[in-house]
1. Using the count of nearby Cβ atoms within 10 Å as a rough guide to exposure, how do Leu112, Leu150 rank from fewest to most?
2. Between Ile456, Leu398, Asn383, whose Cα lies farthest towards the positive end of the dipole of the stretch 379-459 when Lys and Arg beta carbons carry +1 and Asp and Glu beta carbons carry -1, centred on the Cα centre?
3. Evaluate E = 1/(1 + (r/R0)^6) for Val417 and Tyr31, where r is the Cβ-Cβ distance and R0 equals 35 Å; express this FRET efficiency to the nearest 0.05.
4. Pick out, from Leu322, Ser191, Gln312, the residue whose Cα sits farthest towards the positive end of the charge dipole of the chain, with +1 on the Cβ of Lys and Arg and -1 on the Cβ of Asp and Glu.
5. Mind sorting Ile483, Ile305 by how few other Cβ atoms lie within 10 Å of their own Cβ, fewest first?
6. Between Leu444 and Leu385, take the C-beta separation as r, use R0 = 41 Å, and let me know the FRET efficiency to the nearest 0.05.
7. Just to be sure I understand the model, the point goes 7 Å from the Cα along the line to the Cβ. What's the resulting Phe330 to Leu53 distance in nm?
8. Within a 10 angstrom radius of the beta carbon, how do Ser160, Ser105 rank from fewest other beta carbons to most?
Amino acid sequence: MEKKIDKDLKLIVKSSLIIFIGLFLSKVLTYVYRITIARTFGPEIYGLFSLSLMIFGFFVFFASFGFSEGLIRYLSWYRGKKQYQKIKYLFKFALSISIISSIFSGAILFFLSNYISLNVFHNPELIIFLKIFSFLIPFYLINNLFLSALQAFEKIQWYSFILNIFQNVVKVFTLFLFIFIGFKSGAIIFSYFLGIFAMFTISYFITKYKTPEIFGNSDLKNKIKSEVRKEFFSYSWPLLFFAMISQIFYWTDTFLIGYFNGAFDAGLYNAAIPIVLLMRFVPELFLRLFFPLVTKEFSRNRLKIIRQLSQQVGKWIFILNLPVFLIMFFFPDAIINVLFGAEYIIVGKSLKILAVGGFISSLIWISNNLLSVIGKSKLLLTNLLFVSTLNILLNILLIPKYGLNGAAFATTISMIVLSLILFLEVRYFLSLIPFRRKILRIFLVSFIPLFLLIYIRKFVQINLISLILLSSLFFLLYIFLIILTGCLDKNDFMILKGIKSKIMGNLF
C-alpha cells in the first residue's frame, strides 16, 4: 500500500512538472495577449472582449451537457476495470450528441447577437464579436472532448501542450500580426478564432494517434449500451447545469458591472480577474492527473490511498499558493500598475478583496474533485446553484452602492461559503480532511519573510524587475524557513529528491 501511494505521488509530481511548464507558458502568453489588448485598444474594447468571452462561454456550456467532465470520470473508471468496449461506445455517443448540440447552440448565438448587444448591453460594437464567436462553438466543444480523453488516459504532456501552449502561441502570434497589418478590433476577434480552430485541429490528430482505444465501433449488446448511456447521463446532466452555473458564477461580476456601469468599468474590473486566477495555477499542476488517478483508485475501492493522496496534494497547494496570495494581498496596486498600467490601478482594492476568496477557493478544489469521483454530481450542482444565487443577489445589492469593490466583496463571500460547504461534505461522505495539521505552522512561518518584504518595499521603486526580484526573495526565504522549521514530511522529501534527480539528470 505504501509503495502504491509513493508511486502515485511520484506520478502526480511528474505530471505536475510537465503541466508547470505548460501552465507557466500559458500564463505568460495569456497575459501578453490580454495586456496587449488592454493597452492597445483601451478599457472599452477590452471590456467588449471580456463580455463576449462570457457570453460565448455560456453558450458553450449550454451545448456541452457536461459530457467533457463526465468523460474524464467514466473513461478513467472503465480503464480501471479494463472495459475498453464501453470506452469506444461512450466516446462515440458523446461525440455524436455534442456535434448536434454545438451547431444548434452556435446558431442560436448568431441570431441572438443583435438582441444581446443592443438590448442587454446597449453596445452595437459587441455584435461582431458575438457573431464571429458563434462559429467557434462546435470547434471549441468537440475539442474539449478530445482533451478529456487525453486527460483520462493520463496523456498529460499532450493535454498540456495543446491547451496551454499551442493555442496561446497561435493567439498571440496572430494578434501581433493583425495589429501590425493595421486591423482594429478585428485583430482580437480573428486571433482568438484562429487560436481555437488551430487547437481543435491538432487535438483531433493527437487524440487519434495517442488514444486509439476510444475510436471505432464497439460490440456491446444493446442492453449494456443502454446502461452505459443511463449511467453517463445520470452523472453528466447535473454537470451541464453545473458548468452553466459555474460560468454564471464567475462572470456574474462582469455581467452586472457591464449592466450597471458599462463596458468601461467591466474592462477595468477584468484587469483584476486574470491576476486572481493566478492562484488556479497551483491546483491545476496537480489536479489534472489527480482526478483520473483517484477515480481509478476509487473503482478499486482503495480509500486509504485516496486519503493519503488528497492530504498530500492539499498541503502542496497550500504551500505554493500562500506566498502568491500574500504578495497579491499586500501589494495589489503595484502588481496592477506593472501589468496593466496606471489607468487600471483603481481596481487595486478589488484585487485585494478577490485575492482572499481566490486563495480559499484554491484550497477546496480537491474537495470538488473528490465529490465528483464518488459520483455526487447532483450535490455539486445543488451547492453551486445555492452559492450562485447568493452571488447574484450580493452583486445586485453591492455594485450600485460600492461599484467594483462591491462586486469583489460579493464574489469573495460566495467563494468562502462554497468552500465551507464542500469541506463539510467531503468530511461527511469520505471522513476525510484534505489537509495536514502542519499547514498552520506553515502559515505562521510565512509572516517572517512577509514583514521583511514590507520593510524593503519602503526603499525600492516597484517595476517589473524589482517586483520579480522581491517576490523571488520572499519565496526563497519562505521555502528555507519551511524546511528549517520541520514543516515537511517524508513524502515531501521523497518528492523533492525525485525532482532534484530529474533536474540534475537533464542538466548533466
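Nothing in this text is a laboratory measurement; each read-out follows from the coordinates by a stated rule. What you are looking at is a predicted structure, and each value in this text was computed from that prediction instead of being measured. Neighbour counts are summed over all protein chains in view; Cβ atoms, including those assigned to glycine, are modelled from backbone coordinates with ideal geometry.
1. Leu112, Leu150
2. Value: Ile456.
3. It comes to 0.75.
4. Gln312
5. Result, fewest neighbours first: Ile483, Ile305.
6. The value I calculate is 0.65.
7. 3.0 nm
8. Ser105, Ser160
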